[in-house]
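The values are calculated or read from the model by the stated rules, or taken from the named source; none is laboratory data. Please read these numbers as outputs of a predicted model, since none were measured by experiment. Cβ coordinates were reconstructed from backbone atoms using ideal geometry, including for glycine residues, and neighbour counts include every protein chain displayed.
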Amino acid sequence: MAVSEKGGLKVWQRRDRNKQLSIWFRYFCGVALFMFCWKYISDETNWFFVYDAPRIVGDISSRMWPPKFAYMDELWIPIWDTINIATLGTLAALVLAVPVAFLAANNTTPSKILVRPIALLIIVSSRSINSLIWALLLVSIIGPGIFAGTIAIALRSIGFIAKLLYEAIEEIDQSQVEAISATGASRLQVMAYGIVPQILPAFAGITVFRWDVNIRESTVLGLVGAGGIGLQLSSSLNVLAWAQVLVILIVIFFAVVFSEWISAKVRHSII
Amino acid sequence: MIESARMRWFLGVGAAIYLAAAIGTLEVNWSRVYEGLDRGAAFVMAFTSPDFASRWSDIEHGIIESLFMTVTSTAIGILLSIPIGLGAARNIAPVPVYIVCRGIIALSRALQEIIIAILFVAIFGFGPFAGVVTLSFATIGFLAKLLAEDIEDSSPVQLEAVRATGAKWGQLMNYSIQPQVMPRLIGLSMYRLDINFRESTVLGLVGAGGIGATLNTSFDRYEFDTAAAILIIIIAFVMIAEYTSGIIRARLQ
């Protein structure tokens with residue numbers, strides 16, 4: 001315990017001097033780094049626009065209100081497309097993520113030196129690249145449309161699902177696997193009867209969770225031409241039809257809240 | 001899981017009908033896809049010969065901007081998340097504060113970063129400032145929510161013990177709540193740093209600064225070798241961030 005003397009009185013302190021100094025130094029470095037980065041951002045910013053922001057906010061809000069609800073008639077098909085992109089994308093990702101997860105998990109991978117690093121590289125690449133970038137890439141490869149959006153969502157989800165799934169596989173109860181192998185089961189049978197039943201709840205939970213995230217992400221894919229409600233959003237923004245933008249934002253908000261509710265419901269019933 | 005056999009059938013058939021309908025509206029233009037295969041192959045091949053050199057000044061500028069945006073927005077986001085997280089914890093905040101803070105969190109979580117970025121670009125003009133504001137706002141939704149849940153899960157015994165010594169509110173936070181949530185808060189902040197970097201790579205698509213603009217241009221020009229170089233840099237940075245944050249989190253536990 002750190003105690004310092006002040007005029008003959010012993011005063012309790014939480015940390016001793018060296019520890020306090022080292023903590024102070026760490027904060028100092030953090031603040032210095034922040035200021036260094038902030039300097040750059042500040043130089044790149046046109047502060048006139050920032051000072052002008054309150055006026056712009058007032059201007060945009062007055063143009064947004066009242067929301068143009070008649071525009072809803074044109075939104076039903078994009079909403080349907082958005083949901084399809086998310087759902088089909090998640091399903092496609094599942095098909096691809098399951099083998100990757102089995103190859104990446106320490107206890108099921110066929111080779112730790114060769115196969116596991118490749119599976120981990122697939123996972124990290126898929127996770128590092130945002131779905132919008134995948135969409136951008138696919139639009140330039142296979143052309144604009146829902147199909148590009150679906151594949152973008154699938155490619156992005158593989159890493160996420162496979163990562164959580166392989167962590168679940170690594171945490172399974174090994175004694176069940178041993179019991180199955182002791183009966184003389186083949187590798188595939190061990191998987192089907194020893195591993196799969198253990199990870200099934202986690203698997204379902206991960207899938208529904210990712211579906212929920214995908215609904216959120218598929219709402220913006222249209223900005224790069226990959227279908228869904230984002231197309232309407234970007235065309236409304238281009239003509240500065242703020243009343244329509246507000247309607248779209250409200251729709252997206254409800255879609256996200258709804259999907260989150262479903263996903264929470266399903267995960268709750270599984271666990 | 002589902003008890004009644006009829007319900008199971010109903011769900012199964014419903015799912016099949018939905019899938020048929022969804023795949024029906026997919027409208028794949030196979031001839032276009034076939035044409036695209038060449039470009040797809042060109043893209044994959046580009047990874048074997050990424051071109052860092054010809055647009056290096058753009059790439060360098062974009063990556064540095066992304067990194068700086070990540071650091072600033074994460075720092076601002078953490079600073080804002082702490083009061084909001086404290087306010088959104090039911091066991092230490094009064095009801096009106098709780099409702100306001102939870103409202104901010106819900107709003108930040110519901111809207112995608114890109115949508116927020118579009119609005120902030122319209123408000124603050126093009127440039128990294130709009131991106132920093134966007135990422136800070138998105139950080140609040142993530143960090144404040146998890147911090148609040150962590151505080152709600154923290155042990156009430158310690159809170160009471162410190163309160164019994166006659167501690168003021170600030171001392172209460174400092175000596176009973178903070179030690180309990182600090183390791184997790186640091187871990188989550190590291191994780192958020194990682195997420196913010198990944199998000200900062202797309203904000204450029206809507207003019208909010210970062211490497212996204214360079215990437216967009218390179219795709220538009222079909223310069224797949226430059227795009228491959230940028231993607232390799234992004235993946236490398238994410239791997240470094242994940243690895244370091246993993247080490248830091250392991251050291252905390």
Problem set entry | Pairs with Cβ under 6 Å, 6+ apart, first in region B:230-246 and in contact (Cβ under 8 Å) with a residue 24 or more places away in the chain, second among the small types (Gly, Ala, Ser) | B:Ile234/A:Ser128; B:Val238/A:Ser128
For this session: Evaluate the following for B:Gly40: is it facing chain A (nearest Cβ under 8 Å) and free of Cβ contacts under 8 Å to residues at least 60 places away in the same chain?
Result: yes
For this session: Scan region A:225-254 for residues that are part of a loop (DSSP other than H, G, I, E, B) and more than 19 Å from A:Ser131 (Cβ to Cβ) and jot them down.
Result: A:Val239, A:Leu240, A:Ala241
For this session: Being within 14 Å of chain B (Cβ to nearest Cβ) and in contact (Cβ under 8 Å) with a residue 40 or more places away in the chain is the filter; apply it to region A:92-121 and report the residue that is farthest from B:Tyr18 (Cα to Cα).
Result: A:Leu94
For this session: Taking B:Ala20 as meeting all but one of (1) closer than 19 Å to A:Thr150 by Cα; (2) in a loop (DSSP other than H, G, I, E, B); (3) more than 8 Å from chain A (Cβ to nearest Cβ), write down the number of the exception.
Result: (2)
Exercise. If A:Leu88 satisfies every condition in (1) among the aliphatic types (A, V, I, L, M); (2) farther than 30 Å from A:Val247 by Cβ; (3) at pLDDT 90 or above; (4) touching a helix residue (DSSP H, G or I) at 6+ places or on another chain (Cβ under 6 Å) but one, which is the exception?
Worked result: (2)
For this session: Could you grab the pairs with beta carbons closer than 7 Å, sequence gap of 6+ or different chains, first residue in region B:123-149 and within 14 Å of another protein chain (Cβ to nearest Cβ), second one of a type in the set (Asp, Glu) and surrounded by fewer than 24 Cβ atoms within 10 Å (Cβ to Cβ)?
Result: B:Gly127/A:Glu44; B:Pro128/A:Glu44
Exercise. Which ones in region A:1-18 are surrounded by 10 or more Cβ atoms within 10 Å (Cβ to Cβ) and either farther than 22 Å from B:Gln171 by Cβ or of a type in the set (D, E, K, R) (or both)?
Worked result: A:Arg14, A:Arg15, A:Asp16, A:Arg17
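Taking the residues in region A:48-69 that are facing chain B (nearest Cβ under 8 Å) and of a type in the set (A, V, I, L, M) as candidates, determine which candidate is nearest to B:Ala130 (Cα to Cα).
Residues of region A:48-69 facing chain B (nearest Cβ under 8 Å): A:49-50, A:53, A:56-57, A:60.
Narrowing the set further to residues that are of a type in the set (A, V, I, L, M) leaves A:50, A:53, A:56-57, A:60.
Working: A:Val50: 9, A:Ala53: 11, A:Ile56: 14, A:Val57: 14, A:Ile60: 16 Å.
The residue in question is A:Val50.
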Exercise. In this structure, is B:Gly246 part of a loop (DSSP other than H, G, I, E, B), over 20 Å from A:Leu138 (Cα atoms) and at pLDDT below 85?
Worked result: no
Exercise. Taking the stated definitions as given, is B:Ser66 within 30 Å of B:Thr139 (Cα to Cα), touching a helix residue (DSSP H, G or I) at 6+ places or on another chain (Cβ under 7 Å) and of a type in the set (Gly, Ala, Ser)?
Worked result: yes
Seminar exercise, completed: The condition of being within 12 Å of chain A (Cβ to nearest Cβ) and over 18 Å from A:Ser126 (Cβ atoms) holds, among B:Ile234, B:Ile195, B:Ile247, B:Ile211, only for B:Ile211
Seminar exercise, completed: Going through (1) assigned to a helix (DSSP H, G or I); (2) surrounded by 20 or more Cβ atoms within 10 Å (Cβ to Cβ) one by one, B:Val162 fails only at (2)
For this session: Might you let me know whether region A:27-47 holds any residue that is touching a residue at least 24 places away in the same chain (Cβ under 8 Å) and more than 8 Å from chain B (Cβ to nearest Cβ)?
Result: no
Exercise. Considering only residues of region B:215-229 that are assigned to a loop (DSSP other than H, G, I, E, B) and touching a residue at least 40 places away in the same chain (Cβ under 8 Å), which is farthest from A:Val139 (Cα to Cα)?
Worked result: B:Glu223
Exercise. Would you pick out the residues in region A:156-168 that are of a type in the set (A, V, I, L, M), over 12 Å from the mean Cα position of the chain (by Cα) and crowded, with 23+ Cβ neighbours inside 10 Å?
Worked result: A:Ala162, A:Leu165
